[in-house]
Amino acid sequence: MNTNYKIIKEFGSQEITSSILERISNIAQSRSMELHPFLKNGLFSSHRDLEKILDHYEDGKPFYIYTGRGPSSSSLHLGHLVPFIMTKYLQDLFQVPVIIQITDDEKYYNAEQVKGQPKSKLDHFQEIAKENIKDIISIGFDSTRTYIFQNSWNIDLLYPEIIKANKIINLNQLQNVFGSTESDSIGKISFPVIQIVPSFAQTFQSIFPSIPDFNLKDVRCLIPCAIDQDPYFRLTRDIAPRLGYHKPSLIHSGFFASLFGDSKMSSSAKDPNSVIFINETPKQVQKKINKYAFSGGRDTIEEHRLYGGNPEVDICCQYLKYLLDDQPRYETILSGYRSGYLLSGELKKITIDIINQILKEYQELRRSVDEETYQEYTTRKILKFN
Ligand code: TYM
């Protein structure tokens, strides 16, 4: 079952229906844009209260987008690009502020403490946070509408709302949602509150402009993320009314799979060969896909020609489904593979070329992100609302 459908069933999120897609499409048309391929191909197919954001927007009322990253490796991987690409698309579409939280604290609390290892030091996570921020900037956010912050240096911004949330969240709730145990550090146990409060506009009162006749409390929030982050925001939605705030809306993506095909792509995977980092060279990408991408092809060319490949388990077929924005070409590739006409090596070559093209564009931008650009995005300023 598609992971998004699992969450729709298990946690009661909603499906992104064709009528929602049509509403987004109409807004896109008015900006000479198109519906994003990730919405067309169902990579994002689950949401919570997305209609409320669309209503709000159509009524000319303000909202902002909030998302984040936990710096566990010095470079993002292909899976991480998914919510950030969607966030940039939504910023272009709605012309709204984007707030990006970098949880260096979270990754430090979660790292195993081994004496002498860099991962035992907060400095390590603070440093890779900076590299991650530069990666995120390279996705092309509008600097007048975007603020990126890392928690360890910016807690003053969040603290007033943390105090209010701390007062009403009890240990039981944290244990129920995150499975915290008594032996967890109190940093780890209480971390969720830090990820929760950026969902409330009140947190950003010093960087959101005052809007005539509009109360900050009524500025809504939309959160794009993959489904693994939903627990934080279920808790957020539970407590929001008690604080007098709107519940944030969410738009969830499914997971971009690891090259081995056994789980989601993850930077903390034991084997780095299962992951494509976005700073990898065309040669590295080629090697990883050729050697490690799980194939649905047959053992010999003769068998493959005779029986055909299995796209259901083939990782390249999965990647192409989400990355190839050309439905007829995708269908032709799929049927060619299924019939045995297209060989695994040929399918891998198509996938390598597409991924390398995406990474090339991103890496070009990344090279232009210098210290000044970094400051532009990470210095507090009044954000443009429209
Ligand atoms: P992190 O760093 O684990 O992931 C960053 C974002 O990428 C998504 N993601 C994926 N999406 C598709 N396929 C994958 N294989 C994949 N792996 C990760 C995550 O869902 C996330 O959206 N605690 C968070 C940081 C955070 C945050 C937020 C995320 C703070 N505030 C608000 C989303 C929204 C974390 O460690 O993300």
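Please find, in a Gaussian network model of the chain (springs between Cα atoms separated by less than 10 Å), the residue of Q202, Q117, Q284 whose mean-square fluctuation is greatest.
In the Gaussian network model the winner is Q117.
Want the number for L171 to T144: 0.36 nm per residue separation, take away the alpha-carbon distance, what's left?
Values: separation 27, 0.36 × 27 = 9.72 nm, distance 3.91 nm.
Here the segment from L171 to T144 would lengthen by 5.8 nm.
Loop-only check: which trypsin sites (Lys or Arg not before Pro) in region 149-225 are DSSP coil with at most 12 other Cβ within 10 angstrom?
Filter output for region 149-225: empty list.
What does the accessible area per residue of region 195-245 come to in Å², with a 1.4 Å probe and no ligands, DNA or RNA counted?
37
Highest mean first, how do 344-350, 77-83 rank when packing is the count of other Cβ atoms within 10 Å averaged over residues?
Going by the mean number of other Cβ atoms within 10 Å, highest first, we get 77-83, 344-350.
Roughly how many Å is it from the Cα centre of region 141-203 to that of region 358-384, as a whole number?
Comparing the Cα centres of region 141-203 and region 358-384, I get a distance of 25 Å.
Run the quick spin-label model on S19 and R31: label points 7 Å from Cα toward the beta carbon, then report their separation in nm to one decimal.
In this crude label model, S19 to R31 measures out at 2.4 nm.
With 18 Å as the limit, write out which pairs from K40/K61; K288/K349; K283/K349; K134/K188; K287/K348 have Cα-Cα distances beyond it, or answer none.
Numbers: K40/K61 26 Å; K288/K349 12 Å; K283/K349 12 Å; K134/K188 26 Å; K287/K348 10 Å.
Cα-Cα > 18 Å for K40/K61; K134/K188; rest within.
Working out 0.36 nm times the residue gap between D55 and R242, then minus their Cα-Cα distance, what length gain in nm do you get to one decimal?
Extra length available between D55 and R242 comes to 65.0 nm.
Determine the share of the chain's accessible area contributed by carbon and sulfur atoms, expressed in whole percent, with a 1.4 angstrom probe. Before the final figure, lay out the partial values.
On the way: 9040 of 18120 Å².
The value for the chain is 50 percent carbon and sulfur by accessible area.
Could you tell me the relative contact order of region 134-206? Use alpha-carbon pairs under 8 Å, at least six residues apart, and round to a whole percent.
Taking the mean separation of contacting Cα pairs over the length of region 134-206, I get 40 percent.
Which order do the peptides 242-249, 125-132, 204-211 come out in when sorted by mean C-beta neighbours inside 10 angstrom, highest first?
Ranked by mean Cβ neighbours within 10 Å, highest first: 125-132, 242-249, 204-211.
Could you work out [θ]222 nm for the chain from helices alone, using -39500 (n - 2.57) per DSSP H run of at least four and dividing by all its residues? Round to the nearest 500 deg cm²/dmol.
-16000 deg cm²/dmol
Taking all pairs of distinct Cα atoms, average 1/r, flip it, and tell me the Kirkwood hydrodynamic radius of the chain in Å to one decimal place.
It works out to 22.2 Å.
Quickly work out the E364-to-K217 label distance, labels modelled 7 Å from Cα along the C-beta direction, and quote it in nm with one decimal.
Label-label distance for K217 and E364, simple model: 4.9 nm.
Whole angstrom only: what separates the Cα centroid of region 262-332 from the Cα centroid of region 79-136?
Centre-to-centre distance over Cα atoms comes out at 26 Å.
Using the Cβ atoms and a cut-off under 12 Å, what net charge is assigned to the surroundings of N176, where Lys and Arg are +1 and Asp and Glu are -1?
Once positives and negatives cancel, what remains is 0.
Less than 20 Å apart at the alpha-carbon level, and either on another chain or at least 8 residues along: which aspartates and glutamates does that give for K115?
Result set, ordered by chain and number: D104, D105, E106, D123, E127, D184.
The values are calculated or read from the model by the stated rules, or taken from the named source; none is laboratory data. As the structure is a computational prediction, the values presented were derived from the model and not from experiment. Don't worry about glycine lacking a Cβ; one is built from the backbone with ideal geometry, like all the others, and counts go over all protein chains shown. Surface accessibility is based on the protein's heavy atoms, side chains included, excluding ligands, DNA and RNA. Shrake-Rupley method; radii C 1.70, N 1.55, O 1.52, S 1.80 Å.
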